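Colleague: Before anything else, here's the structure in question.
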Amino acid sequence: MNKVAPVLCLGIGSYWIFKGVTKYHLWVSNGPGGGLFPTVAGIILIICSIILLRRYIKQGNAPTIEKNALILVAAAILTALVVNVIGMIPALGLFIVLWLKLSQKKSILSSLSLGVGTALFLYFIFDFLLRVPLPMGLFA
């Protein structure tokens, strides 16, 4: 897993830089826009990924794909695909459920509990407290 993570993070970082610049806007007329944080986070992810990949190449270790890493990548791709359909918060809750059930072999009850709890926590923080506009999908 630790060898696939830098490659996965390169893609995730690139995605959030693209979204931060094109959709959420880096800067608005009176200060930082909603895209500043995703863009900075994406840049940090890419820098860290490049550092780790260089370290693996210098050590002569080629990145290998493990089953759990493949499950994580598939869940992340599915999450990214359904964000605009079901919304960001339900998609992240679904990601938690899939990751815990398929990769970590948790029970369906604990997976669903943590997934729903995560979604409710994210809703409380981003929608209720911060009032950050997130993709809502079917719940718009």
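Colleague: What number of residues within the range 19-31 satisfy the criterion of being modelled with pLDDT under 85 and either of a type in the set (S, T, N, Q) or more than 19 Å from N84 (Cα to Cα) (or both)?
Modeller: 6
Colleague: From L120, L134, which residue is outside any helix (DSSP H, G or I), among the hydrophobic types (A, V, I, L, M, F, W, C) and outside the structural domain of G35 (by TED's automatic domain parsing)?
Modeller: Just one listed residue meets the conditions, L134.
Colleague: Output yes when any residue across the range 100-107 is under 15 Å from the mean Cα position of the chain (by Cα), in a loop (DSSP other than H, G, I, E, B), closer than 22 Å to T118 by Cα and assigned by TED's automatic domain parsing to the domain that holds D127, and no when none is.
Modeller: no
Colleague: Moving on to the next point. Among the residues of the range 20-40, which ones are of a type in the set (A, V, I, L, M, F, W, C) and either closer than 14 Å to L134 by Cα or in a helix (DSSP H, G or I) (or both)?
Modeller: V21, L36, F37, V40, listed by residue number.
Colleague: Given the residues I47, I51, I17, I43, which is the only one that is assigned to a helix (DSSP H, G or I) and under 13 Å from the mean Cα position of the chain (by Cα)?
Modeller: Of I47, I51, I17, I43, the one residue that is assigned to a helix (DSSP H, G or I) and under 13 Å from the mean Cα position of the chain (by Cα) is I17.
Colleague: Residue check: is Y15 of a type in the set (F, W, Y), surrounded by 14 or more Cβ atoms within 10 Å (Cβ to Cβ) and either over 23 Å from W99 (Cα atoms) or in contact with a strand residue (DSSP E or B) (Cβ under 8 Å, 6 or more places away or on another chain) (or both)?
Modeller: no
Colleague: Considering each of G42, G60, G13, G35 in turn, give the residue that is at pLDDT below 85 and not assigned by TED's automatic domain parsing to the domain that holds F124.
Modeller: Going through G42, G60, G13, G35 in turn, just one is at pLDDT below 85 and not assigned by TED's automatic domain parsing to the domain that holds F124: G60.
Colleague: From the list I108, I51, I89, exactly one residue is farther than 23 Å from P38 by Cα and either surrounded by fewer than 13 Cβ atoms within 10 Å (Cβ to Cβ) or in contact (Cβ under 8 Å) with a residue 40 or more places away in the chain (or both). Which is it?
Modeller: Being farther than 23 Å from P38 by Cα and either surrounded by fewer than 13 Cβ atoms within 10 Å (Cβ to Cβ) or in contact (Cβ under 8 Å) with a residue 40 or more places away in the chain (or both) holds for just one of I108, I51, I89, which is I108.
The values are calculated or read from the model by the stated rules, or taken from the named source; none is laboratory data. None of the values given here were measured: they were computed from a predicted structure. When we count neighbours, we look across all protein chains shown, and the Cβ atoms used for this are built from the backbone with ideal geometry, even at glycine.
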